[in-house]
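Okay, structure first, notes after.
The values are calculated or read from the model by the stated rules, or taken from the named source; none is laboratory data. Here the structure is a predicted model, which is why all the values come from computation and not from measurement. We place every Cβ from the backbone using ideal geometry, glycine too, and count neighbours over all the protein chains shown.
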């Protein structure tokens, strides 16, 4: 693992961006080449990805905090940067080595980390405490309890100890900073920081298949809703979910690799398979001091209700004056309603309905307004894809749409901030191209009798910009990376985007690049069969070492909804498996087929009811383009991917057997009737309504066409894509008397964590032997 260039906790090395680009370009012309070991594929963090993360401003905007690893490892500590004097210091390090690691967290937290794809260690999250005393203080949750750290003090205080048999889950401070809410033993609790006495707010879970205050599996895995409770703005109330999983049969996973055969070698999950029941979800509101619960007039997931278009509780937001706004989706996800609740009575009112014949994508752009112009007070900002691209709209207090804020053949990613008194809204999006993400500013209340103003771009430099705005709407932190620049962190002005000061820039030394042999891929454009532009990335072998093309070729694929592989990001430059293969003389190609993200709803919805058709067709079109360019030859092309990419690699091998000669299929969904309700039914509909689509979309349906070699890689305790998928595919290969190869990990889940070097060795050996 590459160590960090940081020499001390109080000083982060910096360099000018021009130096970075020069170093990169100098390295691309190096003649001396040397292979790196397969262990480098598995290193984390990836080269260059040691920059600060989880960046936040203090409430008075005088201090910027972030997580950072001084030794360049996965284990992070909490640092603070004083904006006035430019001094940086470490403010919290886990006492006595008590930071988070894979061995000291509860089974519940391990599963939550799987949902979040979290691999970080040490300190993984923190929250600023709003203090009336003026002290700058942060809350840091660790496996052994909840710590509070005053920035000017050296010793943290353990406020709330944890217990191994009863972990504290999702601790969240109240807006006024006086209380801490959390879930323990599936019940919601609150801890008063002044009195030091916890109060249990919910009851009745014991002996029942339900939870209070926790997001269910579907919400965590598919809806990007991690929380199951929400503080009111005045800290007097907490809205929370009650999740009842009694209608879902438990799916048992056996730990076949354990020496024991007792209860510790098995686990049961309430997993909702496509076409079957979902959990039932109620929404309650309780005083933060305890007392009776007011249940909102809402029950999601109840199949017997006449009002059956409220299947999923998607989002919960508090509006001014303690009004609760809730987003609910119907089962087919073509209709989303925003409901407004009176928390004293539970009564409801529909304030907006969003419908689309393809589907309604969830987002976090709902933003209530309560300042600025009186005639707009009480309204909200909403993002809609009714034009085919996600754009922002202003709605008044009754929910009526007054008009658009943005428009065009590009999309909004996120609302970054709103300055109501100044009438400005800040957002990130793809206005400068779908391979980038930039920060823009435009009028919050435009004159709808005139053409909309063109948003102003505030970030500089091509690539991807992740931003954090301060509370006073004066400055922002810009975390920027691109194909030629690893992540760097700058403090910038919200007036014009100019750099106020750099917070972190890591120099790219020539020895580092000489060691890893990194060359950024070349971005290309090709045409799909229907004329749609597709973006690809080429990792070409060095001509001086391997001669001119054609080359053996591997296609790296994901290809599923809600994801984008090809972008102007450092992530692409440090795709270590692609770089490893390139340094073995293999050309690597990536292509974002129709159905992938950030290209608009028409592009995404090409796969509706048709998994395995247009996505594999576009991958075949990409292979044909490589052949026509003289870069490769039919029969010398392999394809590999994980999860949906594992599915797509196997499907492409089966559908185009004369072009693709091998596939590596990691944790593949082999038949969509075996995957979950929310994801599967959004794109494929109900199994009973799309029988032919489910049949065609199953890998097993195409096994008889396969001519090439297939390697399947899967963890046997994968609770997301069950090992059952691979077992069913193996049965199909046996019935068809086709050869296959299998690498199983008895103790791994969806993403292997402990045995990645062995996995990469097996994958490389398979590719080298068969391509």
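With a requirement of 2 or more residues that are in contact with a strand residue (DSSP E or B) (Cβ under 9 Å, 6 or more places away or on another chain), in contact (Cβ under 8 Å) with a residue 24 or more places away in the chain and not assigned by TED's automatic domain parsing to the domain that holds residue 318, the strands (runs of 3 or more DSSP E) lying completely within the stretch 340-423 that satisfy it span 380-384, 391-395, 401-404, 412-419. Only one of the numbered conditions (1) surrounded by fewer than 18 Cβ atoms within 10 Å (Cβ to Cβ); (2) touching a residue at least 40 places away in the same chain (Cβ under 8 Å); (3) not in a strand (DSSP E or B) is not met by residue 90, and that is (3).
If the condition is being surrounded by 15 or more Cβ atoms within 10 Å (Cβ to Cβ), modelled with pLDDT of 95 or more and part of a loop (DSSP other than H, G, I, E, B), then the stretch 509-541 contributes 521, 528, 532, 540, 541. Once the stretch 168-192 is narrowed to residues that are buried (at least 19 other Cβ atoms within 10 Å of the Cβ) and touching a residue at least 60 places away in the same chain (Cβ under 8 Å), the residue that is nearest to residue 106 (Cα to Cα) is 169.
Of everything in the stretch 730-760 that is assigned to a helix (DSSP H, G or I) and closer than 15 Å to residue 642 by Cβ, the residue that is modelled with the lowest pLDDT is 756. I'm trying to understand the selection: among the residues of the stretch 270-321, which are touching a strand residue (DSSP E or B) at 6+ places or on another chain (Cβ under 6 Å), on the phi < 0 side of the Ramachandran plot, assigned to a loop (DSSP other than H, G, I, E, B) and surrounded by fewer than 20 Cβ atoms within 10 Å (Cβ to Cβ)? If the condition is that a residue be touching a strand residue (DSSP E or B) at 6+ places or on another chain (Cβ under 6 Å), on the phi < 0 side of the Ramachandran plot, assigned to a loop (DSSP other than H, G, I, E, B) and surrounded by fewer than 20 Cβ atoms within 10 Å (Cβ to Cβ), then 302, 309 are the ones that fit.
Going by the structure shown, is residue 56 at pLDDT below 50 and either in a helix (DSSP H, G or I) or within 30 Å of residue 123 (Cβ to Cβ) (or both)? No, not satisfied. If you go through the stretch 691-713 and keep only what is surrounded by 19 or more Cβ atoms within 10 Å (Cβ to Cβ) and closer than 30 Å to residue 336 by Cβ, you end up with 693, 694, 697, 698. Considering the stretch 428-482, and only residues there that are buried (at least 22 other Cβ atoms within 10 Å of the Cβ) and touching a helix residue (DSSP H, G or I) at 6+ places or on another chain (Cβ under 7 Å), the residue that is nearest to residue 49 (Cα to Cα) turns out to be 481.
Scanning the stretch 369-401 for residues that are surrounded by fewer than 18 Cβ atoms within 10 Å (Cβ to Cβ) and within 19 Å of residue 355 (Cβ to Cβ) turns up 386, 387, 388, 398, 399, 400, 401.
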